[in-house]
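These notes are about the structure you will find just below.
Each value in this text was obtained by applying a stated rule to the coordinates, not by laboratory testing. None of these values were measured; they are calculated from a predicted model. So basically every Cβ, Gly included, is an ideal-geometry build from the backbone, and we count neighbours across all protein chains shown.
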Amino acid sequence: MMWEMESNAGNCPSCTRGDLITIVIEVAGRDLSFTTCHFCEAKWWYQDGELVSLTSILDLVAAG
């Protein structure tokens with residue numbers, strides 16, 4: 001499993017402030033990324049570039 005962390009210059013869709021942090025990992029051959037807002041702590045998961053629920057991420061990790 002590989003991962004990397006980066007800061008994003010984008011704005012949070014929840015609070016509209018900047019300072020997002022993204023962690024990118026590969027699990028079972030799939031690209032996953034987790035983004036969180038430093039200010040309001042909103043969180044998003046993406047699988048292969050598409051927004052997905054935490055449940056689908058957990059299912060993928062459990063199966064992988």
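Starting from the Cα of D59, move 7 Å in the Cα-to-Cβ direction to define the label point; list residues of region 27-43 whose amide nitrogen is under 12 Å from there.
none
How fast does region 7-64 diffuse by Stokes-Einstein, in µm²/s, taking the Kirkwood radius from C-alpha pairs at 37 °C and 0.692 mPa s?
The Stokes-Einstein estimate is 277 µm²/s.
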